[in-house]
Amino acid sequence: MPDGSMIERLIGAWELREWSEIRPNGNKSYPLGEDAIGQILYTSDGHMAAQLVRINRKRFASDDWRSASPAEAARAFMEYFGYFGVYEVDLRQQMVIHHVKGSWFPNVEGGDQFRHFRLEGDLLVLDADTSWGKVRIVWARPRVPYR
């Protein structure tokens with residue numbers, strides 16, 4: 001049975017190792033590519049933020065994001081995923097619940113994202129059951145600070 005020390009181990013910064021979707025037929029895909037990067041943060045006072053992005057994205061024609069063409073904006077939307085809010089941990093169910101305040105995808109704002117979690121050494125594994133299969137996100141403590 002997990003205890004409060006699991007919550008303490010959850011707190012801090014984690015960097016993305018894998019974001020995959022496993023379909024009911026067993027096929028595995030990577031929404032942002034196998035080499036996507038990202039970070040999730042859990043603070044000791046209950047706040048969280050998650051950002052995931054495809055690497056080597058094509059730059060917009062203009063440095064002013066407000067000048068993006070519809071095609072550029074659509075491409076950028078499909079190459080990024082992120083939200084922020086507060087979280088709580090249900091140790092009995094080994095679940096972390098993200099209460100989403102703001103998101104890249106407006107449909108999750110004001111809602112909850114339920115993630116079964118387990119800590120395996122220096123890895124944090126988050127699993128979610130969805131209507132299209134299982135989502136698995138694997139995080140690790142950062143190797144070096146971001147610059």
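Please list the radius of gyration and Dmax for region 1-57, considering alpha-carbon atoms only, with Å as the unit.
So, for region 1-57, Rg and Dmax equal 14.6, 43 Å respectively.
Rank by packing, highest mean first: peptides 49-61, 91-103, with packing defined as the count of other Cβ atoms within 10 Å averaged across residues.
The peptides rank, most packed first, as 91-103, 49-61.
What would the Debye formula give as log10 I(q)/I(0) at q = 0.11, 0.25, 0.28 Å⁻¹ for the alpha-carbon point model of region 32-108, no solvent?
-0.39, -1.17, -1.25
Using only helices, what value at 222 nm comes out for the chain when you add -39,500 (n - 2.57) per DSSP H run of length 4 or more and divide by the total residues, to the nearest 500 deg cm²/dmol? Don't skip to the answer; put the middle values down first.
Working: 2 runs with 16 residues, N = 147.
Computed ellipticity for the chain at 222 nm equals -3000 deg cm²/dmol.
Report, in cubic angstrom per residue, the convex hull volume of the C-alpha atoms of the chain.
Numbers: hull volume 21.6 nm³, N = 147.
Dividing the Cα hull volume of the chain by its residues yields 147 Å³.
What is the ratio of the Cα radius of gyration of region 42-82 to 2.2 N^0.38 Å, with N the residue count, to two decimals?
Output field value: 1.54.
Values in this text are rule-based calculations from the coordinates and carry no lab data. Being a predicted model, the structure only gives us computed values, none of them experimental. All Cβ positions, glycine included, derive from the backbone under ideal geometry; neighbour counts span all protein chains shown.
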